[in-house]
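The values are calculated or read from the model by the stated rules, or taken from the named source; none is laboratory data. Only a predicted model underlies this, so the values are computations on that prediction, with no experimental measurement involved. Note: areas computed on protein heavy atoms with side chains; ligands, DNA, RNA excluded. Shrake-Rupley method; radii C 1.70, N 1.55, O 1.52, S 1.80 Å.
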Amino acid sequence: MVSQPPMLIFTALLTRCWKGVTRIRKMLTDDECCKAWQERFNLLQEKKNSHFSHSADYWWRLAKASFFFGQIEGARKGEERKKELVYEARQHAQAALILDENSAHAHQWYAITLGTVAEYEGMQAKINSGYDFKEHIERAIQLSPTDPSPHHLLGRWCYSVYMLTWIERKVASTLFATPPTATIDEALGHFIQAEELNPGVWKENMLYIAKSYIEKKDYDSAVMWLEKGSGLSTISQDDKEAQKEIDGLLPKYRR
């Protein structure tokens, strides 16, 4: 296996996977999007003590707005402001779950904010967040099985866990009786399902399908998906980064 970032960063990596919304780094370079998210955040904050606060839909939307506004404020004012807002986002998502535990969006946003908050906490908390992330994403899939985003997120979780090194697994096993486990076939299955639900348009998901096939040593299939991904338009910053990785992999595995 190729080397990966140090163990337990996988929980933080998962916060970048969500594709059901406008991508974070694209927004940070787009003044209009930044302004729109700030306005949305302010509007929702103003409704905090209104009758809307009795609705789970209100709270997960506030969690989402707080999360994205936190990324924007982090770029403008520094990490402390971002940290404050992402912790608030987690609280808002939790409030949504309390009001409606059958809300797929509430489970998704609670998982996403858990992953972000984990960046600021210790190793054991990060492992716990990884378990909780998986639980809530799986619940979101149960509640909304036709949404491709949680399938991709769960695929990224499985892929990140599969790619942990032997040393990283040993560290996890000293902290927990049952460290996280996943197979590359599980990861691939989730990426394929995300593709089936949102076919032919998601460059980064195609990249991860290819990377899964590389781990399986099925290089012909990997090249096919790399070429499919390369053929898509490159629009967002995430697309640009995915294309850069595709460009690096294609010459290596194309026969």
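Express in % the proportion of alpha carbon pairs of region 118-255 at distances exceeding 23 Å. Here the long-distance tail beyond 23 Å is 40 percent of all Cα pairs in region 118-255.
Cross-link pairs exceeding 25 Å in C-alpha to C-alpha distance, out of Lys64/Lys126; Lys134/Lys170; Lys64/Lys203; Lys48/Lys126; Lys170/Lys216, comprise Lys48/Lys126. Here, region 64-156 yields an orientationally averaged convex hull projection of 5.9 nm² when only Cα atoms define the hull. Calculated accessible area for region 76-180 comes out at 44 Å² per residue, all protein chains present (probe 1.4 Å; ligands, DNA, RNA ignored).
Rolling a 1.4 angstrom probe over region 73-135 with all protein chains present gives an accessible area of which 43% lies on carbon and sulfur atoms. For the Cα trace of region 111-177, dividing Rg by the Kirkwood Rh returns an Rg/Rh value of 1.00. The candidates Val201, Val86, Val171, arranged from most to least accessible area with a 1.4 Å probe in the full protein assembly, appear as Val201, Val171, Val86.
Length available on full extension from Asp132 to Glu39: 0.36 nm per residue minus the Cα-Cα distance, which gives 30.4 nm.
The mean sequence distance of close C-alpha pairs (under 8 Å, at least 6 residues apart), as a share of the length of region 175-234, puts its relative contact order at 30 percent.
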